[in-house]
Amino acid sequence: MPHSSRSSRPAPRRASLRRLLAALPVLLAVAAPLAAAPATPARPNILFVAVDDLRPEFGAYGATYVKSPNLDRIAKAGLTFTRAYCQQAVCSPTRSSLMTGTRPDTTKVWDLETHFRTALPDVVTLGQHFKNHGYFVQGMGKIYHGSFDDAPTWSVPWQSSRGQAYGLPENMALQNRQNAAPGTDSAKKSGKKKKAATPRNSRGPAFEGADVPDDTFTDGNTAKLAVKALGELAQKKEPFFLAVGFAKPHLPFVAPKKYWDLYDPAKIELAPNKFRPKDAPDYAIQPGGEMRAYHGIPEGSIPDDLARRLKHGYYAAISYMDAQLGRVLDELDRLDLAKNTIVILWGDHGWKLGEHDAWCKHSNAENDTNGALLLSVPGMKHAGAKATGFVEFVDVYPTLADLAGLPLPAHLEGQSFKPVLDNPSRPWKAAAFSQYPRPGNAATGGAALMGYSMRTEHYRFTAWLHRNDHSKVAALELYDHRSDPQENQNLADRPEHRDLVARLTAQLRAGWQAARATP
Ligand SMILES: [Ca+2]
């Protein structure tokens, strides 16, 4: 009998066994949650914030005259990437590239009229990839361009958050005049993507500072939707990927008066290089046709007083957007989600505020291709540091997948820069690549061109190739960033740079595949 054999044991051992047995329920209770926990750590949530037309000129980038406390808050908890480059400096091409993890020559999205599913019907987008791996993926505001939503990206339908374009009735009337123009509305209703060029001065004003509440405009609505979504996502078992797209500081520079009041217009400095790059082709820089569509913007060079007003508006629009971002970050903190949430924020491309006597984007210049990128990962070692190596927006997809422990799909044309997080000052990619097309016209000699551009440690080098025959070179641009960081003097045709041009041409033609970093 077991009892008789046990009773033969010495009394002290029996007593210790009894104590152990008595403690068993407690031990089991402690062990149970551990046993129930998954073998791998819980996956982090992702807060993915896109900001339209935000150039890297705000507090985190050293421009402390721009009031951006909430952008800076992400930077303080994370890394500020000083050399992040978009692949094509305009909304739909850059967003399609980032969201698919491929480049414009693969998405075939070089304009605002083509959906990436035309060329890539089965591509797994960034959001879709997270969804396929158990994430709840939700989005609101401007993630894809315009009406080019992509249903497979989301777990629940994407939400539009459109508010008023202007606060003042007279400005709304000016704007509606354009909406009522023949063709525009009917074209929208017919579902045709192809839009006629917006006539000059046909939109509302380029800026406004009316004394109205934040929620008058789209970004206030977007923040409201995001705050509501966070409350719901916090209740879910699965991790979330929440994409929040802010519309400002995109034109028109409309922000409530209190954000304009953060700036003294007398202290706003104008671009020092109000001239075209010397010895560069005419089509290298677009002068800003997009802005001329707004009421009151003249053709030609923008007078200094108007330029100052436009810059004031751009900064006010950043501060307005920043305050809406703050509402989302506050809610993340309030729900105690920040400790397990990766926050990434990207401006979709750069912007010219009078540099090269030009405005807006649509070029291969440093002002257009260098974008804002902030990334915070809970517990990161170098919070608050600047990451100075080259990264590309096409790298965002693999980086987020890598950080979340997801596999990297084979179609990706970027590279995870996760290793940079451990050493932000390390050199990374050898170069960053961008491109921009130009239609055939008198300036191009009738040939449609694609400008392929590359930023290396010392240079920006751009080759304008015939679109139908890449062996034909229409023009070259070479800027030496050591002596000319504003890219004011094209050196490509100087005989003393012949060898350098040959070397850079070979590097550009070798492309992104040859420029990848060694992790
Ligand atoms: Ca944009």
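The values are calculated or read from the model by the stated rules, or taken from the named source; none is laboratory data. Note that the structure is predicted; figures quoted are calculated from it, not measured. Cβ coordinates were reconstructed from backbone atoms using ideal geometry, including for glycine residues, and neighbour counts include every protein chain displayed. We work out accessible area using only protein heavy atoms, side chains counted, and drop any ligands, DNA or RNA first. Shrake-Rupley method; radii C 1.70, N 1.55, O 1.52, S 1.80 Å.
Selection over region 117-142 of residues that are under 25 Å from LEU54 (Cβ atoms) and either within 16 Å of the ligand (Cβ to nearest atom) or assigned to a loop (DSSP other than H, G, I, E, B) (or both) gives a count of 3.
Per the listing LEU373, LEU400, the residue uniquely touching a Phe, Trp or Tyr at 6+ places or on another chain (Cβ under 8 Å), modelled with pLDDT of 95 or more and closer than 29 Å to PRO287 by Cα is LEU373. Restricting ASP105, ASP52 to residues that are within 16 Å of the ligand (Cβ to nearest atom) and at pLDDT 95 or above narrows the list to ASP52. For residues that are part of a helix (DSSP H, G or I) and open to solvent by 10 Å² or more (accessible area, probe 1.4 Å), scanning just region 341-379, find the one that is nearest to the ligand (Cβ to nearest atom). If we take residues in region 341-379 being part of a helix (DSSP H, G or I) and open to solvent by 10 Å² or more (accessible area, probe 1.4 Å), then ASN367 is nearest to the ligand (Cβ to nearest atom). Residues in region 476-487 that are touching a strand residue (DSSP E or B) at 6+ places or on another chain (Cβ under 8 Å) and open to solvent by 20 Å² or more (accessible area, probe 1.4 Å): LEU476, ASP480, HIS481. The set of residues from region 390-405 being more than 14 Å from the ligand (Cβ to nearest atom), open to solvent by less than 10 Å² (accessible area, probe 1.4 Å) and either part of a strand (DSSP E or B) or not hydroxyl-bearing (Ser, Thr, Tyr) (or both) comprises PHE390, VAL391, GLU392, VAL394, ASP395, VAL396, PRO398, LEU400, ALA401, ALA404. Within region 491-511, the set of residues being open to solvent by less than 90 Å² (accessible area, probe 1.4 Å), in contact (Cβ under 8 Å) with a residue 12 or more places away in the chain and out of contact with any helix residue (DSSP H, G or I) (no Cβ under 8 Å at 6 or more places or on another chain) comprises HIS497, LEU500, VAL501, LEU504, THR505, LEU508, GLY511. Being closer than 29 Å to VAL124 by Cα, away from the ligand (no atom under 16 Å from the Cβ), open to solvent by 10 Å² or more (accessible area, probe 1.4 Å) and among the small types (Gly, Ala, Ser) is true for just one of ALA338, ALA383. Which residue is that? Exactly one of ALA338, ALA383 is closer than 29 Å to VAL124 by Cα, away from the ligand (no atom under 16 Å from the Cβ), open to solvent by 10 Å² or more (accessible area, probe 1.4 Å) and among the small types (Gly, Ala, Ser), namely ALA338.
To keep it simple, each residue is scored yes or no on (1) open to solvent by less than 10 Å² (accessible area, probe 1.4 Å); (2) aromatic (Phe, Trp, Tyr); (3) at pLDDT 95 or above.
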{"residue": "TYR61", "(1), (2), (3)": "no, yes, yes"}
{"residue": "LYS67", "(1), (2), (3)": "no, no, yes"}
{"residue": "ASP72", "(1), (2), (3)": "no, no, yes"}
{"residue": "TYR85", "(1), (2), (3)": "yes, yes, yes"}
{"residue": "TRP110", "(1), (2), (3)": "no, yes, yes"}
{"residue": "THR114", "(1), (2), (3)": "no, no, yes"}
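Inside region 277-286, can you point out the residues that are in a loop (DSSP other than H, G, I, E, B) and open to solvent by less than 50 Å² (accessible area, probe 1.4 Å)? Of everything in region 277-286, those that are in a loop (DSSP other than H, G, I, E, B) and open to solvent by less than 50 Å² (accessible area, probe 1.4 Å) turn out to be PRO277, ALA280, PRO281, ILE285. Within region 143-170, the set of residues being open to solvent by less than 40 Å² (accessible area, probe 1.4 Å) and within 16 Å of the ligand (Cβ to nearest atom) comprises ILE143, TYR144, HIS145, PHE148. If you go through region 414-423 and keep only what is over 18 Å from HIS349 (Cβ atoms) and open to solvent by 10 Å² or more (accessible area, probe 1.4 Å), you end up with GLN415, SER416, LYS418, PRO419, LEU421, ASP422, ASN423. In this structure, does LEU421 turn out to be closer than 30 Å to THR341 by Cα and touching a His at 6+ places or on another chain (Cβ under 8 Å)? So LEU421 passes the test. Here the condition is being touching a residue at least 60 places away in the same chain (Cβ under 8 Å) and more than 17 Å from the chain's Cα centre (by Cα); of GLY379, GLY384, GLY371, GLY414, it holds for GLY384 alone. Under 6 Å between Cβ atoms, at least 6 apart or on separate chains: pull out the pairs that start in region 427-451 with a residue that is closer than 24 Å to PHE417 by Cβ and end on any residue that is at pLDDT 95 or above and open to solvent by 20 Å² or more (accessible area, probe 1.4 Å). Close Cβ pairs (under 6 Å, with a partner that is at pLDDT 95 or above and open to solvent by 20 Å² or more (accessible area, probe 1.4 Å)) amount to PHE433/TRP512; GLN435/TYR452. Here LYS258 clears all of (1) assigned to a loop (DSSP other than H, G, I, E, B); (2) farther than 30 Å from HIS129 by Cα except the condition numbered (1). Candidates TYR283, TYR320, TYR314: the one that is within 16 Å of the ligand (Cβ to nearest atom) and in contact (Cβ under 8 Å) with a residue 40 or more places away in the chain is TYR314. Mind counting the residues in region 55-89 that are within 16 Å of the ligand (Cβ to nearest atom) and in contact with a Phe, Trp or Tyr (Cβ under 8 Å, 6 or more places away or on another chain)? Number satisfying all stated conditions: 7. Restrict the check to region 300-317 and report whether at least one residue is surrounded by fewer than 15 Cβ atoms within 10 Å (Cβ to Cβ) and charged (D, E, K, R). Scanning region 300-317 turns up at least one residue that is surrounded by fewer than 15 Cβ atoms within 10 Å (Cβ to Cβ) and charged (D, E, K, R).
Results for (1) within 29 Å of MET172 (Cβ to Cβ); (2) part of a strand (DSSP E or B); (3) within 27 Å of the chain's Cα centre (by Cα); (4) touching a residue at least 24 places away in the same chain (Cβ under 8 Å), shown as yes or no for each residue.
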| residue | (1), (2), (3), (4) |
| --- | --- |
| GLU232 | no, no, yes, no |
| GLY245 | yes, yes, yes, yes |
| LEU262 | yes, no, yes, yes |
| PHE275 | no, no, no, yes |
| PRO298 | yes, no, no, no |
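Please go through region 438-457 and give me each residue that is open to solvent by less than 20 Å² (accessible area, probe 1.4 Å) and in a strand (DSSP E or B), ordered by number. Of everything in region 438-457, those that are open to solvent by less than 20 Å² (accessible area, probe 1.4 Å) and in a strand (DSSP E or B) turn out to be ARG438, LEU449, MET450, GLY451, SER453, MET454, ARG455. For region 250-262, the condition holds for no residue, the condition being that it is of a type in the set (Gly, Ala, Ser), out of contact with any Pro (no Cβ under 8 Å at 6 or more places or on another chain), more than 21 Å from ASN367 (Cβ to Cβ) and open to solvent by 20 Å² or more (accessible area, probe 1.4 Å).
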